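Chemist: Can you keep this structure in mind? I'll have questions shortly.
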Amino acid sequence: MVVTGADSLTLADGSSHPTGYWAEEVVESVRVLREAGIEVTLATPGGVVPTVDKASLDGRFDDAVTSLEDLRAPAVLSGLKAADFDAIYLPGGHGPMADLASDTSLGTLLADFHDNGKLVAALCHGPAGLLSAVRADGTFVFAGKEMAVFSDEEERQGGLNVPYSVAGRLTELGARLSTGEPWSSTVVVDGNLVTGQNPQSSVATAERVAALLA
């Protein structure tokens, strides 16, 4: 599970907005996967201790974030090899827009997972990380794939003046978006790619990943 290491996002107006990973998406995904008997390794760029987006702490997941020891000592993303894992999972929060979207180590890893027929999963703003998977010849690893992502309408309703549209950039690269109603639990499976639209899709996305790994 690759978690963002960013703690801020530069907005469209140039201001800095505090962000990080979204608590529910990490906590619930880890819970579902581990309850299914799946070993989960958390990693971040540079192995930095990730920052939780304080807006995602509403009392439901606060204790879980504090007690999840993996978040205090994550693996170093650039040191991971696809051969050592069965799947890669990218939860969201706005943080991935700031770092994972352009992380070359992640892009190489995603291409390796895809090319070897292994499972790739991304949730909410996690698909921003898929933007890193562009080959040397300029082709997008996931071009033609159907996927869900935090929608432009949800972004509008959320009220944050983000620097770019993740959905828009994925579309420009050739992804086919399948968008559910705002804030609905929406999961899309296209071959070995599993994507969830928003925090409300956290449990369903992890359950689908667990079922496919089983």
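Chemist: Highest GNM mean-square fluctuation, the chain, Cα pairs closer than 10 Å: which of Ala82, Ala55, Ala101?
Modeler: The residue that fluctuates most here is Ala55.
Chemist: Let a ≥ b ≥ c be the square roots of the eigenvalues of the Cα gyration tensor of the chain; is it rounded (a/c under 1.5), or, if not, prolate (a/b larger than b/c) or oblate?
Modeler: Details: a/c = 1.21, a/b = 1.02, b/c = 1.19.
It comes out rounded by the Cα gyration axes.
Chemist: Any aspartates and glutamates with Cα under 12 Å of the Lys81 Cα? List them, leaving off those in the same chain fewer than 8 positions away.
Modeler: Asp112
Chemist: What are the aspartates and glutamates whose alpha-carbon lies under 14 Å from the alpha-carbon of Lys145, with same-chain residues fewer than 8 places away excluded?
Modeler: Within reach: Asp115, Glu172, Asp190.
Chemist: Tally up the carbon and sulfur contribution to the accessible surface of region 1-98 as a whole percent, 1.4 Å probe, everything protein left in place. Mind showing how you got there, number by number?
Modeler: Values: 2180 of 4480 Å².
Within region 1-98, the accessible surface is 49 percent carbon and sulfur.
Chemist: Give the long-range amide H neighbours of Met147: residues separated by 5 or more places, or on another chain, with amide H under 5 Å away, using H modelled in the peptide plane at 1.01 Å from N.
Modeler: Arg176, Leu177, Ser178
Chemist: Would you mind telling me which residue in Asp115, Asp70, Asp86 has the biggest mean-square fluctuation in a Gaussian network model of the chain, where springs connect alpha carbons within a distance under 10 angstrom?
Modeler: Among Asp115, Asp70, Asp86, the largest mean-square fluctuation in the Gaussian network model of the chain belongs to Asp115.
Chemist: Further, regarding this structure: Looking at region 134-214, which chymotrypsin sites (Phe, Trp or Tyr not before Pro) are in a loop (DSSP not H, G, I, E or B) and have at most 12 other Cβ atoms within 10 Å? It would help to have the intermediate numbers written out before the result.
Modeler: Details: sites: Phe140, Phe142, Phe150, Tyr164, Trp183; in loops: Phe142, Phe150, Tyr164, Trp183.
Sites meeting the loop and neighbour criteria: Tyr164.
Chemist: Which residue, Val187, Val141, Val76, has the most motion in a Gaussian network model of the chain that connects Cα atoms within less than 10 Å?
Modeler: Val76
Chemist: Could you provide, to the nearest whole Å², the per residue accessible area of the chain with probe 1.4 Å?
Modeler: Values: 9200 Å² over 214 residues.
Ligands and nucleic acids excluded, the result is 43 Å² per residue.
Chemist: For Lys54, give me every one of the aspartates and glutamates with a C-alpha distance below 15 angstrom, ignoring sequence neighbours fewer than eight places off in its own chain.
Modeler: Asp7, Glu24, Glu25, Asp62, Asp63
Chemist: Mind putting a number on the dipole of the chain about its Cα centre? Charges go on the C-beta only, +1 for Lys and Arg and -1 for Asp and Glu, and I need it in Debye to the nearest 20. Before the final figure, lay out each step's value.
Modeler: On the way: 13 positive and 29 negative charges, 64 e Å.
Taking the Cα centre of the chain as origin, the dipole is about 300 debye.
Chemist: Here is a further query. So what is the diffusion coefficient of region 1-42 in µm² per second by Stokes-Einstein at 10 °C and 1.306 mPa s, using a Kirkwood Rh over Cα pairs? Spell out each step's value before the answer.
Modeler: On the way: Rh = 12.0 Å.
D, rounded to a whole number, is 132 µm²/s.
Chemist: Report the equivalent ellipsoid semi-axes for region 129-214 in whole Å, largest first, defined as the square roots of five times the eigenvalues of the gyration tensor built from alpha carbon atoms.
Modeler: Numbers: eigenvalues 83, 78, 18 Å².
With the √(5λ) rule applied to region 129-214, the semi-axes are 20, 20, 9 Å.
The values are calculated or read from the model by the stated rules, or taken from the named source; none is laboratory data. Worth saying up front: this structure is predicted, and the values here are computed from it rather than measured. Using ideal geometry, Cβ is built from the backbone for each residue, glycine included, and neighbour counts are taken over all protein chains shown. The accessibility values were calculated without ligands, DNA or RNA, using every heavy atom of the protein model including side chains. Shrake-Rupley method; radii C 1.70, N 1.55, O 1.52, S 1.80 Å.
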